[in-house]
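The structure under discussion appears below in the form of structure tokens.
Since every read-out is calculated from the coordinates, none of them should be taken as a lab result. For clarity, every value in this text was computed on a predicted model and none was experimentally measured. No Cβ is skipped: glycine too gets one built from the backbone with ideal geometry, and neighbour counts run over all protein chains shown.
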Amino acid sequence: MDYSVARERARNEEEGLRLHEPVSMHSIQAHLEATRGRRIVIKPINNTPTDKVCGLWFGLDDMDLILHARAASEVHRQQIVLHEFAHMILRHEQEVLSHGYASAFFPDLDPERVVTALKRTDFFDELEVTAELLADRLASRIRHSRRKPDTQPGNFGAVFG
């Protein structure tokens with residue numbers, strides 16, 4: 001895999017978003033909802049059928065649903081969600097789901113409503129690496145957006161006065 005190609009694609013996609021300051025998780029979500037023409041719902045998931053799942057993106061009949069594992073910190077949760085946003089931005093195709101797979105994650109939901117999902121088979125393939133690089137770029141935009149000129153790095157001034 002050529003990491004320079006993945007880095008370049010992530011950079012181009014992030015620049016192409018033309019996000020307005022201040023950039024936040026909420027503003028990125030709102031931008032994607034407007035671009036995609038459907039709402040995005042983000043929810044934690046307590047128990048997954050496998051322990052290898054951090055985040056999942058499901059295309060339901062009326063919305064996009066991002067499920068994320070309980071994270072150790074808000075920064076980790078943000079990274080998981082940004083990674084799923086990155087798949088949307090990169091236009092990574094989702095696969096049609098079997099009823100069995102859908103019912104494993106949504107036992108109380110009619111499997112007909114769960115239309116597609118992005119399923120990972122390899123965390124080191126080009127799709128995953130590019131999505132993670134784009135998620136890193138988005139996280140950086142959020143961090144830099146929070147900083148004001150002439151303040152301490154990492155928002156220490158707001159925390160410690």
Sequence-distant residues sharing a close amide H with Gly55 (under 5 Å, placed H): Ala69
Which residues' amide hydrogens lie under 5 Å from the amide hydrogen of Ile42, considering only partners 5 or more residues apart or on another chain, with H built in the peptide plane? Ile66
Sorted peptide list for 55-62, 66-73, 35-42, criterion being average Cβ within 10 angstrom, highest first: 55-62, 66-73, 35-42
Give me the distance in nm between label points sitting 7 Å out from Cα along the Cα-to-Cβ direction at Ser145 and Ser4, one decimal. 3.1
